[in-house]
Amino acid sequence: MRQLAVKLAIAGAGAAVLVAAYLWFSPTQSSEVVAIGQPIQQDDFLYTVDGVTKAKSIGSGETRTSAHGTFYVATIKVENRALRVDYRWDPSIVYVVDAAGHRYEMSVEGQQSLDAARHPSLIVPAGMTARFQVAFDLPAGVQRPALAFSNGILMGDLFNGAAYMRARVPLE
């Protein structure tokens with residue numbers, strides 16, 4: 001009987017931890033507005049949106065692509081504050097959310113045109129900084145687009161509830 005009570009107590013504690021973790025990391029938590037130029041921390045990595053440009057097309061010659069709406073090109077500085085671990089940039093961690101809650105992923109065609117012109121190295125060595133551009137093809141009339149990040153939860157995120165996932169950088 002005592003073993004059953006211990007097992008039930010452990011199961012109850014585990015369930016409580018899972019519920020608390022869900023509430024702590026819940027995507028329904030309110031977002032935090034972060035200005036262009038203000039860093040957003042994820043574990044040992046800082047993301048800073050340096051600027052945003054708008055264009056109807058990206059690239060030139062064979063690599064030129066036109067937007068269905070308008071391209072928003074965000075320049076993001078990634079600072080790797082880790083002591084030994086390299087950071088591998090993946091532009092798909094960045095997305096845009098509008099006032100209605102619609103989510104827009106990066107434009108694959110726009111990103112290919114950007115990368116063809118710049119040929120970025122995707123590795124940011126420990127202690128170094130690099131800048132990347134990410135293209136989004138947003139529809140005409142989009143209201144209050146804001147850039148956001150989602151790159152999973154790393155060890156350092158456990159201490160602040162993955163606050164970086166709630167950060168929103170207004171693009172206008």
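Among the listed residues Pro120, Pro125, which satisfies the condition of being in the same structural domain as Asp50 (by TED's automatic domain parsing) and either modelled with pLDDT under 95 or loosely packed, with under 14 Cβ neighbours inside 10 Å (or both)?
Pro120
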Taking segment 52-86 and keeping only residues that are surrounded by fewer than 14 Cβ atoms within 10 Å (Cβ to Cβ) and closer than 18 Å to Val34 by Cα, one is left with Thr53
If we ask which residues in segment 65-118 are hydrophobic (A, V, I, L, M, F, W, C), assigned to a loop (DSSP other than H, G, I, E, B) and more than 16 Å from Ala135 (Cβ to Cβ), their number turns out to be 5
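Residues checked against (1) over 18 Å from Gln41 (Cβ atoms); (2) at pLDDT below 95:
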{"site": "Gly59", "(1), (2)": "yes, yes"}
{"site": "Gly69", "(1), (2)": "yes, no"}
{"site": "Glu105", "(1), (2)": "yes, no"}
{"site": "Phe136", "(1), (2)": "yes, no"}
{"site": "Met155", "(1), (2)": "no, yes"}
{"site": "Tyr164", "(1), (2)": "no, yes"}
Out of (1) of a type in the set (Gly, Ala, Ser); (2) more than 19 Å from Gly110 (Cα to Cα); (3) modelled with pLDDT under 95, the one Gly37 does not meet is (3)
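The values are calculated or read from the model by the stated rules, or taken from the named source; none is laboratory data. Because the structure is a prediction, the values reported are computed rather than measured. All Cβ positions, even for glycine, are placed from backbone atoms using ideal geometry, and neighbour counts span all protein chains on display.
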